[in-house]
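The values are calculated or read from the model by the stated rules, or taken from the named source; none is laboratory data. Values in this document were obtained by computation on a predicted structure and should not be read as measured data. Here the Cβ positions follow ideal geometry from the backbone for every residue, glycine too, while neighbour counts run over all protein chains shown.
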Amino acid sequence: MTTRREKLRQRFIAFRLKFAGHMQKIRPRVAFKILAGIVILFPWLVSSLIVSFFKVAHWRKIATCQAFLKRHALAFDGIDPKTLTVESISGGVSNSNQIWRCRKTTGEEVLYFVKIFLDAGSFWAKHLSFVSPFPSIYGGKTHERFTVDMISRVQLDKIGVPVPRLIAYDAVEKVMVTEHIEGETVDSILERIGERQALGPGDEAVIRQSAIGLARIHRAGFSLIDTQPVNCIWVPVEQKVYFTDLEFCGRQDKRVWDIGFFLCFIAIRLSGAVRQEVRNIFLESYQKERQVDLAQVTETGLQLQEYMPVFQAVLDIRRFTPEELFEGLIST
C-alpha cells in the first residue's frame, strides 16, 4: 500500500520535471531578471519562507483553531469546537488555505474556508514588479494585504459582486474565515476545455459570467490585479462566478491589466481555435457591460506572453499546500 509520503514524493518528482520543462522555455532575458532578483533578495526570501513555515505549523494544530472558534463564539453560534477537523488545501505558498469542518449542537455539519496570510505572500507582492510586468502593489505587507482583502470583500458584496461572505477574522494573526463555496475553479474548467479542445455543456456560461463579473467590478471603480482564473469559483446551481482573492483590490486603474492577465491564463490553458473562441466570448461579454480599448488589452497580452512559462510553473506550484511544498523540497 502506497503511503501518503510516497504519494507526495511521486507527485513532487513529476512536478519537478514539469517545472524544469517550463524553465527551459523561458527566454534568457526573463530568466536573467528572475535569477538576479532571487540572488539579490535571497536572505529576505529565505527569512519569509521560514517565518511562513512556522505560522503554517502553528495553524495546523487543532488547539490553535479551536481557540479561534472560542474567541469568536458570537460568529460561530451553535458550533461545537470539539467537533472541529482541519484540512489543508492547495494554493501555493502565498497564503495557507484550510477547510474547517464543524458540527452544530444539532448535529448539522458546517464547512468554513480559512485563509492564513503568510510572509511569503508579502514577499512576492513586494517584489514581483521587479522581475515581471506585474503591477507594483501599494501596501504589500502582510497586515496590509489582510486588511485590503477584508474591506474589499465587504465593499464588493455591497454592490452585488459574488464574493464569499466574511464570517470572522483575527487582525493580530492575520487570519480570515469565510463561508465555504461549493464549486469548481474557472481554471479547472479551462484546463478541461483544453484537454478536449472544445467547449462542453455550460462552459460558455462560465466564461461569460467571469467576464460580466469582472466588468461590473471595473464599472464600480475597482481593480483586482490578481485575476487568475484559479481565484474564481464557478457555482453551477447559482450560475455565478465568485471572486475569492481580493488582497490587491483597490481603486488604482489597473482594469486593462486585469483583463489582460485573465486572458493570459486562457492562453496558457487553451490553444488553437478553442483559445480564440473563448477569448472572443470573454471580450464580447465584458464589452456588453463596459467598453474597453482592445488595443491596450492586446498590448498587455504581448507584455505577458514571454512570462507564460513562469505562470505555468506557478499554476503547478499551486497544486500543493505550503506543507507539501516544504516537505517535498526536503524529501526529494
Completion exercise
Residues in the range 285-328 that are closer than 28 Å to Ile89 by Cα and either free of Cβ contacts under 8 Å to residues at least 24 places away in the same chain or outside any helix (DSSP H, G or I) (or both) total 5
Handout entry: Breaking point among (1) over 15 Å from the mean Cα position of the chain (by Cα); (2) within 23 Å of Leu45 (Cα to Cα); (3) modelled with pLDDT under 95, for Asp157
Key = (2)
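Can you pull out every residue in the range 61-110 that is among the hydrophobic types (A, V, I, L, M, F, W, C), in a loop (DSSP other than H, G, I, E, B), surrounded by 16 or more Cβ atoms within 10 Å (Cβ to Cβ) and touching a strand residue (DSSP E or B) at 6+ places or on another chain (Cβ under 8 Å)? Talk me through it step by step, then tell me what you get.
First, the residues of the range 61-110 that are among the hydrophobic types (A, V, I, L, M, F, W, C): 62-63, 65, 67-69, 73-76, 79, 84, 86, 89, 93, 99-100, 102, 110.
Next, only the ones that are in a loop (DSSP other than H, G, I, E, B) stay: 73-76, 93.
Now narrow it down to the ones that are surrounded by 16 or more Cβ atoms within 10 Å (Cβ to Cβ): 76, 93.
Listed by number, the list holds a single entry, Phe76.
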Exercise for the section: Working only within the range 170-191, note down all residues that are crowded, with 19+ Cβ neighbours inside 10 Å and out of contact with any Pro (no Cβ under 9 Å at 6 or more places or on another chain). Expected result: Lys174, Val175, Met176, Val177
Exercise for the section: Name every residue in the range 22-35 that is out of contact with any helix residue (DSSP H, G or I) (no Cβ under 8 Å at 6 or more places or on another chain) and under 22 Å from Val93 (Cα atoms), in order of residue number. Expected result: Leu35
Practice task
Might you let me know whether the range 185-200 holds any residue that is more than 22 Å from Gly91 (Cα to Cα), small (Gly, Ala, Ser) and within 22 Å of the chain's Cα centre (by Cα)?
Solution key: no
